[in-house]
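Remarks on the structure that follows.
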Amino acid sequence: NAGVTQTPKFQVLKTGQSMTLQCAQDMNHNSMYWYRQDPGMGLRLIYYSASEGTTDKGEVPNGYNVSRLNKREFSLRLESAAPSQTSVYFCASSHTSALTKNIQYFGAGTRLSVL
Amino acid sequence: AQSVTQPDIHITVSEGASLELRCNYSYGATPYLFWYVQSPGQGLQLLLKYFSGDTLVQGIKGFEAEFKRSQSSFNLRKPSVHWSDAAEYFCAVGTITGGGNKLTFGTGTQLKVEL
């Protein structure tokens, strides 16, 4: 019963390097989300995908790109990493309906350091 | 736009004591409200939710929360805290819009339990 799986769990990058954070869910959810968590700031939405084939910007999208590869997978890409992108990244998914009201389920997170 | 305020950054309680974590929200329509808990190094786990109906909702691990529309609050309570409750707690308000379904999180309250 995996739920939401994120890879990798930890990553260290040098400034200017690129990388892709992977997220997959096995709950047949239609919506997926990427957040970043910084001390004292809670979780802030980077991008989300309301359904397969659609993506939209959240609160802090600058410096990131996303791809909704299929219904299960939603990746987050940093094209040129900056120290300000040092954070913990969480992927979440939900089945949005009048009944579930967007209850989101979270992965365990990816801890990223940019030097 | 919606917002969530958790006024207490840190709270320390003794094991066996009662607990109340405060949450105030701002949202123009009927809110969907959530409390999540994050243990160290882990993702977020849903504790409880309020959609409609009875304003006192029960969750997992013995937690409850009360929705008070007149005060725009959704405070989390537990009658007797256990050492394993030490974690960070996030309140969130959910919205369902034409473009998608989002959660807005508060900045979190870190709970420490003294033995």
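Observations on the model:
- Residue tally, condition under 21 Å from B:GLN42 (Cα atoms) and open to solvent by 40 Å² or more (accessible area, probe 1.4 Å), over the range A:21-67: 7
- When B:THR30 is tested against the conditions (1) touching a Gly at 6+ places or on another chain (Cβ under 7 Å); (2) among the β-branched types (Val, Ile, Thr); (3) part of a loop (DSSP other than H, G, I, E, B), the lone failure is (1).
- From the options B:GLU20, B:GLU66, residue that is under 11 Å from the mean Cα position of the chain (by Cα), surrounded by 13 or more Cβ atoms within 10 Å (Cβ to Cβ) and without any contact (Cβ under 8 Å) to a residue 12 or more places away in the chain: B:GLU66
- Hits in the range A:1-31 (condition: outside any loop (DSSP other than H, G, I, E, B), touching a Leu at 6+ places or on another chain (Cβ under 7 Å) and small (Gly, Ala, Ser)): none
- Within the range B:49-63, tally of residues that are open to solvent by 20 Å² or more (accessible area, probe 1.4 Å), in contact with a Leu (Cβ under 9 Å, 6 or more places away or on another chain) and of a type in the set (Ser, Thr, Tyr): 0
- Being more than 14 Å from A:ALA24 (Cα to Cα) and open to solvent by 40 Å² or more (accessible area, probe 1.4 Å) is a condition met by at least one residue of the range A:98-106.
- Top-ranked residue of the range A:92-115 - restricted to ones that are under 12 Å from the mean Cα position of the chain (by Cα) and more than 9 Å from chain B (Cβ to nearest Cβ), ranked as farthest from B:GLN42 (Cα to Cα): A:SER93
- Within the range B:27-48, the only residue that satisfies the criterion of being open to solvent by less than 20 Å² (accessible area, probe 1.4 Å), farther than 15 Å from B:THR107 by Cα and away from every other protein chain (no Cβ under 11 Å) is B:LEU47.
- Subset tally (residues that are closer than 17 Å to A:GLN85 by Cβ, in contact (Cβ under 8 Å) with a residue 24 or more places away in the chain and not basic (Lys, Arg)) for the range A:20-46: 10
- Among the residues of the range A:50-91, the one identified as within 14 Å of chain B (Cβ to nearest Cβ), in contact with a Gly (Cβ under 9 Å, 6 or more places away or on another chain) and under 12 Å from A:THR20 (Cα atoms) is A:TYR89.
- Members of the range A:69-81 that are touching a residue at least 12 places away in the same chain (Cβ under 8 Å) and open to solvent by 30 Å² or more (accessible area, probe 1.4 Å): A:ASN70, A:LYS71, A:ARG72, A:GLU73, A:ARG77, A:GLU79, A:SER80
The values are calculated or read from the model by the stated rules, or taken from the named source; none is laboratory data. Computed from a prediction, not measured in an experiment: that's the story for all the values here. Glycine gets a Cβ as well: all are built from the backbone with ideal geometry, and neighbour counts include every protein chain shown. The accessibility values were calculated without ligands, DNA or RNA, using every heavy atom of the protein model including side chains. Shrake-Rupley method; radii C 1.70, N 1.55, O 1.52, S 1.80 Å.
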